[in-house]
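A.B. asks: Shown below is the structure under consideration.
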Amino acid sequence: MLTVPDAGGHFGPYGGRYVPEVLMSPLEELEQAYLALKTDAAFQNELADLLKNYAGRPTPLYYAKRLSEKLGGAKIYFKREDLLHTGAHKINNALGQALLARKMGKKRIIAETGAGQHGVATATACALLGLQCRVYMGEEDMRRQRLNVFRMRLCGAEVVGVTNGSRTLKDAISEAMRDWVTNVDTTYYLLGSALGAHPYPLMVRDFHRCIGDEARVQMLEREGRLPDMAIACVGGGSNAIGLFHAFVPDLSVKLVGVEAGGKGKKTGEHAARFSGGAPGVLHGAYSYLLQDNDGQVALTHSISAGLDYALIGPEHAHLHDIGRAEYVDCDDATALKAAVELSTMEGLIPAMESAHAVAEALVRAPQMGTHEIVLVNLSGRGDKDIDIYRENLKELDSDSHQPAF
Amino acid sequence: MILTRISQRFNELQAKNEPALIAYVTAGDPGPEMTVEIVAALERGGADIIELGVPFSDPIADGPVIMRASERALATGMTVEKVLEIAQEIRKHSQIPIVLFTYLNPVMRYGFDKLAARAKEVGIDGFLLTDLSVEEAESFVAAVQGVGLDTVFLVAPTSTDRRLELVAKYCSGFVYVVSRTGVTGEQSQVSSSVAPLVEKLRKFTSLPLGVGFGISSASQAAEVGSVADGVVVGSAFVRTIESTPGREVLDTIERMARDLKQGALSGRR
């Protein structure tokens, strides 16, 4: 369980390297470069310095007292990734990979983005390191995450709208892969989630493992014990695997991933891969995939662009199958309610993605004892989602609105 | 060992010092019946091997022309099962070798063993899955070669010598040489990396080598035909199918095939 992935990038049967031959040697090169830098002190020091002094690590571990007391069950702690520079955990990985790209001598960076958080993080890292940056984004996502499009451009990146398919994250990844296949000699593909062909799921996990590593130490300092449960939302699964990794050997810590239930599983408009999908291959990895009976990738839906994707990261598939982590889903309406609850009770406006994890905590905490502890990864802040909140919470957007107090 | 239709065809052509014209079309574009007729027209024009594309929702290795064809074919309800039926229909009238050309997921969903058996039954001769690396191909190759059909894999300009040797070991029938980095689609020039790549690959395999990606004109076919055993043309045919209405496409595509085959032949003179 602890030695995943294997040399071929397999987490149990999942993961691997399913790409056109053009990309095989470049992926081997990337793997070698990454593994060399993993033990390179100068590289690790430079990354640690940027994470601390530029991005704002370590992030705080916050005890949500009012919310916990209201729910009357377990104590809820939030890992405050939302406080990081650019507003979400994505910067951890973007800085790591951008440094790697520079070491590999690549001057041109491409990336995909769903909610725009990875795009912004990549554009930011490229501005910092003086690298050329192009971000592919589905046109539907550009519409619903307008603010992030502008932020990327402000940092000097080129944002390319993708009009194929569902015009969301899946199509943005496909288009980024087409670019990479074409310009592989000069270009580094800075993939933003724990997805894709080996070594990406490994590398992205490693760059985010600081989330769980820090939280584990902080929890021991604060409470003298580990949490009973750790909850994170799962699109591709980067923030979740970053949180989970440190706790995988701690069998007393229940790990819970929350997928997007969209408009409800009965409607077919969701991104709940474990309950609605079956193992398959998309974008280089074998994992649980939402697909039809003919093996065509199904369209997904979520109010949250960052969770709106047909394949779950392969390490999550493995953790699911071996029973180490549990995966549930949360629909759009429930996530919205959770966002309002967290905002009014704690003054924390979560990203739409993170609101899915918060919603699960609101369900779990009251079922647990007051001596128990729930750790939730607050993976991003809600600034980027204000338009979505306004659109869906019209009563708050009226001047006749009655305040909570 | 019984030769597959693909190997037989290459043997016949090599005896005549002719390069093969390998034609790709997306099955079901513009419709299943038309695909059968288009394949017949390609054969009349001189195509030696057909790559029958099974459309996939997320074709990451394809450029806009084949992406659009895939969308059109999927919109008509094309599935692996229906492509098998098309192949069966073609086989009623023709002995032209057919390679099923697609992505891994639809094939995986159908089931390797089940598909290999059905493919054999309907008269398909081999498979090429663009996103299946040889590292992950063991069970697939066992299923397909187990029923006596061919597995074709890609080599690329980025493939190291180690990989050329490895990929060739998993191939039967022929090896598909990708002429350049990039997605499928026509180019104004044949990449200069083709001749050295073909030459290098010959050191690792005695299988015939087919070169594709970016070839659309007779002169390009001549250039490729002078070094390789087969010339693959895809997007150029698919574009013609897209832009030519009704049954007119059949004559047009036959002429194109003839022109490309003549081009490929001229490369040997």
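The values are calculated or read from the model by the stated rules, or taken from the named source; none is laboratory data. Since this is a predicted model, take the numbers as computed values, not measurements. For neighbour counting, all protein chains shown are included, and Cβ atoms are generated from backbone atoms with ideal geometry for every residue, glycine included. Side chains are part of the model used for accessible areas, which takes the heavy atoms of the whole protein and leaves out ligands, DNA and RNA. Shrake-Rupley method; radii C 1.70, N 1.55, O 1.52, S 1.80 Å.
A.B. asks: Across the stretch A:266-273, in residue order, what do the Karplus-derived ³J(HN,Hα) couplings come to in whole Hz, using 6.51 cos²θ - 1.76 cosθ + 1.60 with θ = phi - 60° and x for Gly and Pro?
C.D. replies: Using θ = phi - 60°, the values come out as 5, 6, x, 9, 7, 9, 9, 6 Hz.
A.B. asks: A further question on this structure: Using heavy-atom solvent-accessible surface (probe 1.4 Å) with all chains present, what is the largest-first order of B:Ser266, A:Ser252, B:Ser133?
C.D. replies: Most to least solvent-accessible, the answer reads A:Ser252, B:Ser266, B:Ser133.
A.B. asks: Now, a different point. Hey, what number do you get for chain B at 222 nm if only DSSP H runs of n ≥ 4 count, each worth -39500 (n - 2.57), divided across all residues, to the nearest 500?
C.D. replies: -15000 deg cm²/dmol
A.B. asks: From the Cα gyration tensor of the stretch A:181-340, with a ≥ b ≥ c the square roots of its eigenvalues, which class applies: rounded if a/c is under 1.5, or else prolate if a/b is larger than b/c, or else oblate?
C.D. replies: Since a/c reaches 1.5 but b/c is at least a/b, the shape of the stretch A:181-340 is classed as oblate.
A.B. asks: Residues of the stretch A:5-48 that become at least 10 Å² less accessible with every protein chain present than in their own chain isolated, using 1.4 Å: which are they?
C.D. replies: Output list: A:His10, A:Arg17, A:Tyr18, A:Val19, A:Pro20, A:Glu21, A:Val22, A:Met24, A:Ser25, A:Glu28.
A.B. asks: Between A:Val160, A:Val217, A:Val256, where does the largest GNM mean-square fluctuation fall for chain A, given springs only between Cα atoms within less than 10 Å?
C.D. replies: A:Val217
A.B. asks: Test of understanding: in a Gaussian network model of chain B with alpha carbons linked when under 10 Å, which of B:Thr252, B:Thr181, B:Thr102 would top the mean-square fluctuation ranking?
C.D. replies: Comparing B:Thr252, B:Thr181, B:Thr102 in a Gaussian network model of chain B, the most mobile one is B:Thr181.
A.B. asks: Treating only the Cβ of Lys, Arg, Asp and Glu as charged (+1, +1, -1, -1), what charge dipole size does the stretch A:196-338 show about its Cα centre? Round to the nearest 20 debye.
C.D. replies: Dipole of the stretch A:196-338, to the nearest 20 debye: 140 debye.
A.B. asks: Averaged across orientations, what area in nm² does the convex hull of the alpha carbons in the protein assembly as shown project?
C.D. replies: 30.2 nm²
A.B. asks: B:Gln189 versus B:Val122, label points 7 Å from Cα toward the beta carbon: distance in nm?
C.D. replies: 4.2 nm
A.B. asks: In whole percent, and with a 1.4 Å probe on the protein chains, what portion of the accessible area of chain A is carbon and sulfur?
C.D. replies: 52 percent
A.B. asks: On to the next question. Describe numerically, in nm with one decimal, the distance between label points set 7 Å from Cα along Cα→Cβ at B:Arg162 and at A:Asp185.
C.D. replies: 2.2 nm
A.B. asks: Roughly how far apart, in whole Å, are the Cα centres of the stretch A:173-204 and the stretch A:302-370?
C.D. replies: 27 Å
A.B. asks: In whole angstrom, how far apart do the alpha carbon centroids of the stretch B:145-165 and the stretch B:228-269 sit?
C.D. replies: About 26 Å separates the Cα centre of the stretch B:145-165 from the one of the stretch B:228-269.
A.B. asks: How large is the accessible surface per residue of the stretch B:182-269, computed with a 1.4 Å probe and reported in Å² as a whole number?
C.D. replies: 43 Å²
A.B. asks: Please report, in debye to the nearest 20, how large the charge dipole of the stretch A:140-266 is about its Cα centre when each Lys and Arg carries +1 at its beta carbon and each Asp and Glu carries -1 there.
C.D. replies: Using only the charged Cβ atoms, the result is roughly 600 debye.
A.B. asks: To the nearest 0.05, how large is the calculated FRET efficiency for B:Ala142 and A:Leu220 if R₀ is 51 Å and r is the Cβ-Cβ distance?
C.D. replies: Working from the Cβ atoms, E equals 0.55.
A.B. asks: Another question about this same structure. Given a 1.4 angstrom probe, what's the average accessible area per residue across the stretch A:146-257, in square angstrom?
C.D. replies: In whole numbers, the stretch A:146-257 has 30 Å² accessible per residue.
A.B. asks: Could you tell me how many degrees, from 0 to 90 and to the nearest 10, lie between the Cα long axis of helix A:90-103 and the main elongation axis, the longest principal axis, of the Cα atoms of chain A?
C.D. replies: Taking Cα atoms only, the helix is inclined about 20 degrees.
A.B. asks: Please state the relative contact order of the stretch B:1-107 as a whole percent: Cα pairs under 8 Å, 6+ residues apart?
C.D. replies: Rounded, it is 35 percent for the stretch B:1-107.
A.B. asks: Specify whether the C-alpha gyration tensor of the stretch B:132-199 places it in the rounded, prolate or oblate class, a ≥ b ≥ c being the square roots of the eigenvalues: rounded for a/c under 1.5, otherwise prolate if a/b is larger than b/c and oblate if not.
C.D. replies: Since a/c reaches 1.5 and a/b is larger than b/c, the shape of the stretch B:132-199 is classed as prolate.
A.B. asks: For chain B, rounded, prolate or oblate, judged on the Cα gyration tensor with a ≥ b ≥ c (square roots of eigenvalues), a/c < 1.5 rounded, else prolate if a/b > b/c?
C.D. replies: Rounded, because the longest to shortest axis ratio a/c is under 1.5.
A.B. asks: May I ask for the accessible area buried between chains B and A, both sides summed, probe 1.4 Å, to the nearest 100 Å²?
C.D. replies: Chains B and A together bury roughly 2900 Å² of accessible area.
A.B. asks: Give me the accessible area of A:Glu140, 1.4 Å probe, in Å² rounded to the nearest 10.
C.D. replies: A:Glu140 exposes around 60 Å² with every protein chain in place.
A.B. asks: Magnitude of the Cβ-charge dipole of the protein assembly as shown, K/R +1 and D/E -1, about the Cα centre, nearest 20 debye?
C.D. replies: Magnitude of the dipole: close to 820 debye.
A.B. asks: Right, here's the next one. What residue among B:Arg162, B:Arg255, B:Arg44 shows peak mean-square fluctuation when chain B is described by a Gaussian network model with Cα springs under 10 Å?
C.D. replies: Greatest mean-square fluctuation among the candidates belongs to B:Arg162.
A.B. asks: Over the stretch A:8-131, average the accessible area per residue using a 1.4 Å probe and give it in Å², no decimals.
C.D. replies: Per-residue value: 32 Å².
A.B. asks: If you plug each phi of the stretch B:148-157 into the Karplus form 6.51 cos²θ - 1.76 cosθ + 1.60 with θ = phi - 60°, what whole-Hz ³J(HN,Hα) values come out, in order, with x for Gly and Pro?
C.D. replies: Rounded to whole hertz, the list is x, 9, 8, 10, 9, 10, 9, 10, 9, x.
A.B. asks: Amide H to amide H under 5 Å from B:Asp131: which residues, 5+ apart in sequence or cross-chain, H placed 1.01 Å off N in plane?
C.D. replies: Sorted by chain and number, the residues that satisfy this are B:Leu104.
A.B. asks: Could you sort the residues of the stretch A:249-284 by number and keep only those whose accessible area is reduced by 40 Å² or more in the all-protein-chain setting relative to the chain alone, 1.4 Å probe?
C.D. replies: Residues of the stretch A:249-284 that lose at least 40 Å² of accessible area once the other chains are added: A:Val281.
A.B. asks: Taking amide H positions as placed in the peptide plane 1.01 Å from N, state which residues far from A:Glu158 in sequence (5 or more) or on other chains have amide H under 5 Å from it.
C.D. replies: Here A:Cys133, A:Arg134, A:Val135 satisfy the definition.
A.B. asks: How much length would be gained if the chain were fully extended between B:Gln14 and B:Asp251, taking 0.36 nm per residue of separation minus their Cα-Cα distance, in nm to one decimal?
C.D. replies: 82.5 nm
A.B. asks: Can you compute the modelled spin-label distance between B:Glu199 and A:Glu395, with each label point 7 Å from Cα toward Cβ, in nm?
C.D. replies: 7.7 nm
A.B. asks: Are there any residues in the stretch B:93-108 with a reduction of at least 10 Å² in accessible surface when going from the isolated chain to the assembly of protein chains? Probe 1.4 Å, please list them by number.
C.D. replies: B:Leu104, B:Asn105, B:Pro106, B:Met108
A.B. asks: The stretch A:20-42 to the stretch A:75-114: how many Å between their Cα centroids?
C.D. replies: Taking the Cα centre of each part, the stretch A:20-42 and the stretch A:75-114 sit 18 Å apart.
A.B. asks: Consider a paramagnetic label point 7 Å from the Cα of A:Thr370 along Cα→Cβ; state which residues of the stretch A:224-241 have an amide N under 19 Å from it.
C.D. replies: Residues A:224, A:228 qualify, since their backbone N sits under 19 Å from the label point.
A.B. asks: Additional query: Pairing the Cα long axis of helix A:117-129 with the longest principal axis of chain A, what angle in degrees results, from 0 to 90 and rounded to the nearest 10?
C.D. replies: Around 50 degrees separate the two axes.
A.B. asks: What part of the accessible area of chain B, given as a whole %, is carbon or sulfur when the probe is 1.4 angstrom?
C.D. replies: Ligands and nucleic acids excluded, carbon and sulfur give 51 percent.
A.B. asks: Could you give me the ³J(HN,Hα) list for the stretch B:246-253, computed from phi with Karplus coefficients 6.51, -1.76, 1.60 and θ = phi - 60°, whole Hz, x at Gly and Pro?
C.D. replies: Karplus values, whole Hz, x for Gly and Pro: x, 7, 4, 4, 5, 5, 4, 6.
A.B. asks: Can you list the residues, at least 5 places off or on another chain, whose amide H is less than 5 Å from the amide H of B:Leu21, using H built in the peptide plane?
C.D. replies: B:Asp48, B:Ile49, B:Val231
A.B. asks: Pairs of Cα atoms under 8 Å, at least six residues apart: use those to get the relative contact order of the stretch A:209-277, whole percent.
C.D. replies: Reported as a whole number, the value is 30 percent.
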